[in-house]
Structure formats: C-alpha cells, structure tokens
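The values are calculated or read from the model by the stated rules, or taken from the named source; none is laboratory data. Just so it is clear, the model here is predicted, and its values are computed rather than measured. For neighbour counting, all protein chains shown are included, and Cβ atoms are generated from backbone atoms with ideal geometry for every residue, glycine included.
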C-alpha cells in the first residue's frame, strides 16, 4: 500500500477525486441494507401475486453487480431485469412503494434515510487522514457520488467544506450526466478542478466506478476494497487495489 504515494508522485498527479459511499463514508452498507429491505418486500409481494418464488436480494453479489455506484433508478432497473421483471417507469411524483421504477426507487431512499437518522454517518478515518494531508500539500480534491443525498451525508459528518467541488446525483440530474459506468461524473469533477484526466487520480470502491475511470483515461484508478470486492475491482481494471489508505 505504501506504493500509492509513490504512484501519485511518479504519475505526476495534480488532483484527487474520491467516491463517497464506501471510500469516504461508511454508508455503502446502509445503502445495501436499504436495497435489500425494499427489494425483498417487493419480490415477496410480487411472488405471491405471480404464484412463483423470486430469489431475494443478496447484499453482496446483487449489490455489487446491479446497484453499487449507479444512479438509484438504474439500480432498480438492473435488479428487476436480473429477476426477469419489467414494470412501468412511473413519474417523478410517484409515492414510495408505487409499483414503478420511480416508486420503488423512492421507497429504497425512504428506507435509507430512516437508517441514516437512526445510525448517523461514520467516516473512514484512514481516507480522511490521507485526503487532508494531500489537501495541505496543495492538491485540489473533489467528491463524487451517484446519490442525491450526498450533501446531507457530508454535512452530517461535518466534512462538507473540505472538498473543492462536489458532483453528485443532484448535479448529474441538472446537467443530464450519464451514470456510471459512463465516465461523465468523473470528467465533470476534473473539469471543475481545472485538471485533465491524465493528471488526476480517482478512488473508487465500485466496479462501475473503476470502469468509468478507465474509460475516461484517468492517470491513476485506485480500487478501494473494504473487504469483499478485491477481485472484481482488479477485474474491472484498477491500477492498484488497497484495503486502507496509507499514511501520506
């Protein structure tokens, strides 16, 4: 892991972009549990109606394959497709739990917000130590997230003012950015930091994020494995995979 600092120096990196969930904040597990709660409830209800038994949501495999790092509605579509289920897209005003892509997405978000209020936000201290040291060295830093809740999460953790820019689900909707594995969100962050991908390092814990970083030609694409997805990050093309950030 100590070679991460060397790689940053050797590749003449000038800016750092960090994914939020699973890299900065310990919210990935909360997202996974909210997805499972929503999906399992829907699959059981649907199964009773269809007279069949659907395979329930797996918090590791299904989360990694179908929803991790992606916009919420893409996650709903991806997961339902994996179970051969098609439902209407719905409308922005659909109530949580409505049998539409939007309605199920809103229900997942409702569950996530409930869990967040109950448990609060915890940050990875190794990430923050690393990030703040590089910021002291003069490196501009950005945070990216597919979540529309990112500002509230960062503010709750009292780290919202650390970043030079934030590109999240709200910004993506406003600018009509494609979700990961498209590289749009990273490219917009680099643009706002006034750097090119060829002089920027990104830090991601999701397979879709690694694919996005490689597609955009970022100089250093770092996979962050918190214990379950080292192989998938490597298979997606990460230049290096770490399980914790080294001392700067």
Mind checking whether some residue in segment 177-185 is touching a residue at least 60 places away in the same chain (Cβ under 8 Å) and crowded, with 24+ Cβ neighbours inside 10 Å? yes
The condition of being in the same structural domain as residue 213 (by TED's automatic domain parsing) and either under 24 Å from residue 4 (Cα atoms) or at pLDDT below 95 (or both) holds, among 169, 93, only for 169
Answer yes or no as to whether residue 138 is surrounded by 14 or more Cβ atoms within 10 Å (Cβ to Cβ) and either outside the structural domain of residue 230 (by TED's automatic domain parsing) or part of a loop (DSSP other than H, G, I, E, B) (or both). no
I'd like the full set of residues that are farther than 20 Å from residue 186 by Cα and modelled with pLDDT under 95, limited to segment 126-154. 152
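Quick grid of which residues meet (1) more than 15 Å from the chain's Cα centre (by Cα); (2) touching a residue at least 24 places away in the same chain (Cβ under 8 Å); (3) surrounded by 17 or more Cβ atoms within 10 Å (Cβ to Cβ); (4) in a helix (DSSP H, G or I):
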site	(1), (2), (3), (4)
148	no, yes, no, no
162	yes, yes, no, no
174	yes, no, no, yes
190	yes, yes, yes, yes
State yes or no: is residue 116 within 20 Å of the chain's Cα centre (by Cα), at pLDDT 95 or above, under 24 Å from residue 32 (Cβ atoms) and surrounded by 15 or more Cβ atoms within 10 Å (Cβ to Cβ)? no
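Just to be sure I understand, how many residues within segment 214-248 are assigned to a helix (DSSP H, G or I) and touching a helix residue (DSSP H, G or I) at 6+ places or on another chain (Cβ under 6 Å)?
Restricting attention to segment 214-248, the residues satisfying the condition of being assigned to a helix (DSSP H, G or I) are 214-215, 230-235.
Checking which are touching a helix residue (DSSP H, G or I) at 6+ places or on another chain (Cβ under 6 Å) leaves us with 232-233.
So the answer is 2.
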Kindly indicate whether any position in segment 51-69 is under 30 Å from residue 194 (Cβ atoms), buried (at least 22 other Cβ atoms within 10 Å of the Cβ) and either outside the structural domain of residue 220 (by TED's automatic domain parsing) or touching a strand residue (DSSP E or B) at 6+ places or on another chain (Cβ under 7 Å) (or both). yes
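Considering segment 120-142 alone, what residues qualify as being over 19 Å from the mean Cα position of the chain (by Cα) and at negative phi? It would help to see each step written out before you state the result.
First, pick out the residues of segment 120-142 that are over 19 Å from the mean Cα position of the chain (by Cα): 129-130, 132-140.
129, 130, 132, 133, 134, 135, 136, 137, 139, 140 - these are the residues of segment 120-142 that are over 19 Å from the mean Cα position of the chain (by Cα) and at negative phi.
Taking the condition part of a helix (DSSP H, G or I), touching a residue at least 24 places away in the same chain (Cβ under 8 Å), more than 23 Å from residue 156 (Cα to Cα) and not assigned by TED's automatic domain parsing to the domain that holds residue 236, does residue 111 pass? Spell out the reasoning first.
Values: part of a helix (DSSP H, G or I): yes; touching a residue at least 24 places away in the same chain (Cβ under 8 Å): yes; more than 23 Å from residue 156 (Cα to Cα): no; not assigned by TED's automatic domain parsing to the domain that holds residue 236: yes.
Answer is no for this residue.
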